[in-house]
Amino acid sequence: MRDSSVLKSTLLHILRFSAALFPLTLLPNIVVCQTQDSKAVNLTVLVTGNTFGYFDVTPVDENTAGGIVRRKTIFEQIRTEVGADKLLLLDAGNALGYYYLLRGDRGESMISAMRALGYDAMTVGRHEFDYGKEQLRSYGDSSQNLNILCANILDQSNAQPFFKPFAIFEKGNGLRVAVLGLTDPRIQQTILNRHIEGLSFSDPIGAAKTYISQLRSQADVIIVLSHLNAADCYKLALEVPGIDLIIARAEGSNISTVTRTEVLGTADNTLILRPEHYGTSVCRAQIRVDPARKSAVATLRNIVPVSSSTPGDAEFATQLRVGAEQQYYNYSLSTFGIEPDEPLLLVDDSYTNNDLIQSLLHVMLEKTGSEIALFNNTFFRFEGVELPRYEDDPQFRKITVRTLEQILWTDNELVSMQLTGQQLAALQRMSAAQTAAR
């Protein structure tokens, strides 16, 4: 016991003596550790999707807020909190959408609003093509601080990406963040042919394999900003390692945000994040990056609701709506020869949604000379649309350009075809089955 006590005392004395005699020998290790830690950067990524061009509260559900006006308040608060050089703003597509007011300026008011909020990039959904491919590509001028990214939509004339495939952003502490855009090839089935003529849609996973290997040597962080569904994003994570964050497209209004981490190995974990429908929230992710250790870890920090209690910027909202309304007024006059709120048809309170559909079917029969007219009923949206009273005689309601464009929420093509009795019966059965499935 005594010998053990003496040994401990002697060792302690030697350690103290060594530290006093060579005080600098331990300092380099301490300094190195502090330097490595100080180089680590926390990057905040804010994600939205499926705004559909709405400026403020959507008419689909009176309790659902969203749009871009209230979002501005949230962005500014977070930008102040973390610093502009450590913030990345991304949108997963369908930002332009079917909101009728955008038809006046072909989506420019929403693009201008996104630039004003400081969005770094967006990818391409089906509604980005509502105003044609050239119009959309013109909005992706990176000199105006908004990159429209998509690597798997190709120009058929040269087999090259029609849009910018990726962008690399320089953030705080020299952090390099690569964002690759991808979209779902199936969206071409729901886009008017004239809007995508000359384009082809390639396999997104194949495109990712091509670009991710290139981007690994150019960036500290790799993000895939996609308009893919969650299942395709899971497949992407498994087949293409080296992605830190994959953003999926927003889905229906009853589908909540989903996050999932694909654990591919000690150095290849991928976070998959899906934003909420109608921009009713902002998904806030954090990526902690240590360039010295070549590591990046992405996590979902929180979901910030964009609700009716979120204060909006009144000046920004007024400026946005007034400009869009003026453009819509001019568009209505030039396209239809009538002001947007003048009556096309007067009806009484007994007039129903079904009556309107019947009226449109009769117009189709008259204009095409066909025997049968068919409508895809999913292209009508009656919720939240009220026929206004006629000012000169309040017992009547008026159907206007504005109300019709709110109800017919997306562009349609009028197609004439000849069908045999068997083909018509098969079409009727298919329609009934799809209706029952919904």
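The values are calculated or read from the model by the stated rules, or taken from the named source; none is laboratory data. Bear in mind the structure is a predicted one, so any value in this text is a computation, not a measurement. So basically every Cβ, Gly included, is an ideal-geometry build from the backbone, and we count neighbours across all protein chains shown. When the accessible area is computed, the model is the full protein with side chains, heavy atoms only, and any ligands, DNA or RNA have been set aside. Shrake-Rupley method; radii C 1.70, N 1.55, O 1.52, S 1.80 Å.
Observations, loosely collected:
- Residue ranking by accessible heavy-atom surface, 1.4 Å probe, largest first, among V401, V82 comes out as V82, V401.
- Cα-projected label distance for D349 with D203, points at 7 Å along beta-carbon direction, nm: 6.1
- Spatially proximal aspartates and glutamates relative to K294 (Cα-Cα < 16 Å; intrachain offsets below 8 disregarded): D37, D220, D244, D268
- Stretch gain in nm, segment T368-L427, where the contour uses 0.36 nm per residue and the Cα spacing is subtracted: 19.3 nm
- Proximity of backbone amide H atoms, modeled 1.01 Å from N, is registered between L345 and I399 at under 5 Å, excluding neighbours fewer than 5 places apart on the same chain.
- Dipole of region 333-436, positive end: most advanced residue of S431, P340, Q406 [Cβ charges, Cα centre]: S431
- Other residues lying with their Cβ under 13 Å from the Cβ of R103 contribute a combined charge of -4, Lys and Arg counting +1, Asp and Glu -1.
- Relative contact order, percent, region 291-438 [alpha-carbon distance under 8 Å, six or more residues apart]: 22
- Taking amide H as placed 1.01 Å from N in the peptide plane, the amide H of I272 sits under 5 Å from that of I246, R260, T261, E262, each at least 5 places away or on another chain.
- For V306, distant residues with modelled amide H under 5 Å away: S281, V282
- A simple rule links phi to the HN-Hα coupling: the Karplus curve 6.51 cos²θ - 1.76 cosθ + 1.60 with θ = phi - 60°, which for region 144-154 gives 9, 6, 8, 9, 9, 10, 6, 8, 10, 10, 10 Hz, with x for Gly and Pro.
- Using the Karplus relation 6.51 cos²θ - 1.76 cosθ + 1.60 with θ = phi - 60°, the per-residue 3J(HN,Hα) values for region 103-118 come to 5, x, 10, 6, x, 5, 5, 5, 4, 4, 5, 5, 5, 5, 7, x Hz, with x marking Gly and Pro.
- Length released on extending from Q77 to E170, taking residue separation times 0.36 nm less the Cα-Cα span: 31.3 nm
- R0 of 35 Å, Cβ-Cβ distance E339-R194: FRET efficiency to nearest 0.05: 0.80
- Scalar couplings 3J(HN,Hα) for region 44-56, obtained by applying the Karplus form with A = 6.51, B = -1.76, C = 1.60 to θ = phi - 60°, are 9, 10, 9, 10, 9, x, 6, 6, 6, x, 6, 7, 9 Hz; x denotes Gly and Pro.
- Where region 50-203 is the region considered: accessible area per residue in Å², 1.4 Å probe: 36
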